[in-house]
1. Return the residues of segment 350-361 that are touching a residue at least 60 places away in the same chain (Cβ under 8 Å) and open to solvent by 10 Å² or more (accessible area, probe 1.4 Å); say none if nothing qualifies.
2. Would you pick out the residues in segment 113-169 that are aliphatic (A, V, I, L, M), closer than 29 Å to Gly238 by Cα and within 20 Å of the chain's Cα centre (by Cα)?
3. Looking at Arg222, Arg159, can you tell me which residue is away from the ligand (no atom under 15 Å from the Cβ), modelled with pLDDT of 95 or more and among the basic types (Lys, Arg)?
4. When you check Thr354 against the structure, is it of a type in the set (Val, Ile, Thr), modelled with pLDDT of 95 or more and assigned to a helix (DSSP H, G or I), yes or no?
5. Report yes if Ala253 is at negative phi and within 15 Å of the ligand (Cβ to nearest atom), otherwise no.
6. Working only within segment 200-219, note down all residues that are part of a strand (DSSP E or B) and within 13 Å of the ligand (Cβ to nearest atom).
7. Say we look at segment 461-495 and pick out the residues that are surrounded by 13 or more Cβ atoms within 10 Å (Cβ to Cβ) and of a type in the set (D, E, K, R); which of these is nearest to the chain's Cα centre (by Cα)?
8. Name every residue in segment 172-199 that is within 13 Å of the ligand (Cβ to nearest atom) and in a loop (DSSP other than H, G, I, E, B), in order of residue number.
Amino acid sequence: MPSRTRLIFAATLFAAALSVQQTQAQQGSSGSPIQPAAADPAIAAALKEISAGQLRATVEKLVSFNNRSTLSSMETDLAPGTGINAAADWIASEFERISAACGECLEVKRDEFTEPGSDAPNSRIRKPTRLVNVYAVLKGTDPAQSARRVLVTGHYDSRNSDNFNTHDPAPGANDDASGVAVSIECARVLSKLKFPSTIVFVAVAGEEQGLNGSRHLARLARSEGWQLEAVLNNDIVGGDTTPGQQAYEDKSAVRVFSEGVPSPAAPEGSPDAIARIHNLGSDSDSPSRELARAVEDVSQSYLRAPGIHTKHFTATVSTKPTFHPVMIFRADRYLRGGDHTSFNLEGFAAVRLTEWRENFDHQHQNVRVENGVQYGDLIQYDDFDYIANVARLNAATLATLASAPGEPRNVHILTAALDNNTELTWEAPAGAPAGTTYEIVWRATELPNWTTFVSAGPATTIKLPVSKDNVVFGVRSTDAAGHRSVAVLPLPVRR
Ligand SMILES: [Zn+2]
């Protein structure tokens, strides 16, 4: 080989080698596909304790109060053991019973108040009415993190066709004894474990009159300075069993509703805040939307793993999808509202879980048969294997978030220079335990969920060869065992 040709050959080889090196470096730092976190064996064991029979017993008891209208709290002629006051007392006693079984690990509380009532045409509370929210607090065991809270709620009030009817049956087996049963079952199985931060198990009243109970509790949380990081509202999670409807129902799915853009009625929905969302294109990255993504992430670790499916799925596990959340990117269903909105309006991340397909013959209806059709929110239309799966998803999410470090604080994306890379900075969450590390997650702007991650280890800054113009980033904390916090959207700063 002539020397000149040799030189060119060597240079070509060198260039090829350099190109391979560059490609490898770029691939390494431009992320890997996100994998489910390893299941925590203690959490997985708690999920196996969730019992369809226990959930049925709770719903049967709630139905036995005949009519749980919030307005029944002021009636004096109800049969003993009926009406909403009796239901509230029973829920409190149930939390106390669970607490006794865990060495008094729960603090059982009542948030009691009187709504003044109004005679405005649309008012659903016409005279002063006593409401009580009942809740149980499982205090975190790490003094540095116990102020952090996650919360699960359902509403224990019910109604029939007439908002003001306090005496005829309003069983509310699905709407929302099912959600209350999830709260209580989560308390029962999670109270046997210890978590560094705090879990609150809630049953609220007044949902049917206009979210009155949850509004009061959300405002209490705000005024008492609760560090409330996640609210899971379960409302209508019974899984409809109506004959003839099963072809349309999907027992493998539960919807998780989350708001994208904050309500103009919330402090986070100010014109300035909305303008920033517009500029960033962050209309699908509210704290509630990131919480919905965390629910989906948790489900991957616990509900899709072999070995913990309910009897409903074991026979068909290979041909049917296993139980999973379906993120719905809107605050709630058409014409309907729910208690998560009360928490959103106070600036808290909150999502709503609801069965895949609702049957409106069995909501807000007088119990009756008309033209051969059975109306009424009766227990026979609840599927307790389905409710058990919803409870498992809730418990896994609560346990994971209560075990994980808090969310990274002051998460920023540096935008001083025009370039095609990304530099992120953040601060450790308050009380972060030793071993806390951070993951940068991202997705293409048109995708619903995170796809890609890199670990920053314990560092609180990172530079990535990925254009901030083309993707959406989030930063989340993980502890040494791999429990992941909710991801936080970085806000731009010029530095
Ligand atoms: Zn409801």
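1. If the condition is that a residue be touching a residue at least 60 places away in the same chain (Cβ under 8 Å) and open to solvent by 10 Å² or more (accessible area, probe 1.4 Å), then Trp356, Arg357, Glu358, Asn359, Asp361 are the ones that fit.
2. Scanning segment 113-169 gives Val134, Ala136, Val137, Leu138, Val150, Leu151, Val152.
3. Result of the check over Arg222, Arg159: Arg222.
4. Details: of a type in the set (Val, Ile, Thr): yes; modelled with pLDDT of 95 or more: yes; assigned to a helix (DSSP H, G or I): no.
Judged against the criteria, Thr354 is not a match.
5. Numbers: at negative phi: yes; within 15 Å of the ligand (Cβ to nearest atom): no.
Criteria not met by Ala253.
6. First, the residues of segment 200-219 that are part of a strand (DSSP E or B): 200-204.
Result: Ala203, Val204.
7. The extreme case among them is Arg484.
8. Once the filter is applied, which keeps residues that are within 13 Å of the ligand (Cβ to nearest atom) and in a loop (DSSP other than H, G, I, E, B), segment 172-199 yields Gly172, Ala173, Asn174, Asp175, Asp176.
The values are calculated or read from the model by the stated rules, or taken from the named source; none is laboratory data. For clarity, every value in this text was computed on a predicted model and none was experimentally measured. Because the Cβ atoms are built from the backbone with ideal geometry, glycine has one as well, and the counts that use them run over all protein chains shown. The accessibility values were calculated without ligands, DNA or RNA, using every heavy atom of the protein model including side chains. Shrake-Rupley method; radii C 1.70, N 1.55, O 1.52, S 1.80 Å.
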